[in-house]
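**Q** First, the structure itself, so that you have it in front of you.
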Amino acid sequence: MTILPILIAPDPRLKLKAKPVVEVDRRIVRLMDDMLETMYANKGIGLAAPQVDVRERVIVADVAEKGEPRQPIWLANPEVVEASPDLVPGSEGCLSLPDHYADVIRPSWVRIRYLDRDGVCREMAADGLLSICLQHEIDHLDGILFVDHVSLLKRNMILRKLQKAKRQGVYA
Ligand code: GNR
Ligand code: NI
């Protein structure tokens, strides 16, 4: 398995819409495995393929607490099929916006349809941190970052700081 480099915002590649997976073949399973290893190496709870410069609708996640057994999940073509009518704020971070956090308001639970790593179509309901994580990852597949859900002032402040840090070679 391989730890892949993660794109840091602002990067136009993070704003592109990812393409549906046609078949969960060995190439996609390999991508899922590499993404999971990359996520664990960076202490993330989720990762979307566009963050590793792959424009396909693949995400991985694991919201198990540290010290608990790993609970990896692998999803291709995930879609929200039902969302809670009630909206709740939660603090979010992103491996593509390192060291920046903001409150984002989202549905408190979602039902998601996806293909698992065997290519089987499944549905799962998620609430709490998993709900936040999966909505955050599905956003990435549509070129949306958590800062797109906060005020223009806060978004520009975060993106300007990241741009400056990139210029200074902080993430090189
Ligand atoms: O590791 C991550 N933590 C996190 C915390 C709150 C809300 C969403 C996330 S996802 C993030 C990893 C990431 O950038 N996934 O795209
Ligand atoms: Ni993210």
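**Q** In a shell of Cβ-Cβ distance under 14 Å around residue 105, excluding residue 105 itself, what net charge do Lys and Arg (+1) and Asp and Glu (-1) give?
**A** Here the charged neighbours net out to -3.
**Q** Positive end of the charge dipole of the chain (Lys, Arg +1 and Asp, Glu -1 on Cβ, about the Cα centre): tell me which of 18, 97, 81 has its Cα farthest that way.
**A** Final value for the positive-end residue is 97.
**Q** So, one more: Ratio of alpha-carbon Rg to the 2.2 N^0.38 Å globular estimate for the chain, to two decimals, please. The partial results should precede the final answer.
**A** On the way: Rg = 15.5 Å, N = 172, 2.2 N^0.38 = 15.6 Å.
Taking N as the residue count of the chain, the ratio is 1.00.
**Q** Give the longest segment of the chain that steers clear of trypsin sites (Lys or Arg not before Pro) in DSSP loops with at most 10 neighbouring Cβ atoms within 10 Å, not counting the sites themselves.
**A** The segment 71-172 is the longest one with no such site.
**Q** While we're on this one: Below 22 Å, Cα to Cα, which lysines can residue 166 reach? Residues fewer than 8 away in the same chain don't count.
**A** Straight-distance partners of residue 166: 15, 43, 154.
**Q** A further question on this structure: Return a whole-number percent for the relative contact order of the chain, with Cα pairs under 8 Å and 6 or more residues apart as the contact set. Please list the in-between numbers first.
**A** On the way: 312 pairs, mean separation 41.1, N = 172.
Relative contact order here is 24 percent.
**Q** Which loop-located GluC sites (Glu not before Pro) does the stretch 1-87 contain, where loop means any DSSP state but H, G, I, E or B and the Cβ has at most 15 other Cβ atoms within 10 Å?
**A** Answer by residue number: 23, 65.
**Q** Then there's this: Would you work out the charge dipole size for the stretch 12-167 about its Cα centre, treating the Cβ of every Lys and Arg as +1 and the Cβ of every Asp and Glu as -1, and quote it to the nearest 20 debye?
**A** For this selection, approximately 900 debye.
FYI, it's all coordinate maths here, none of it is from the lab. What you see is a predicted model; the values in this text were computed from it and never measured. As a convention, Cβ positions derive from the backbone with ideal geometry for all residues, glycine included, and neighbour counts pool all protein chains shown.
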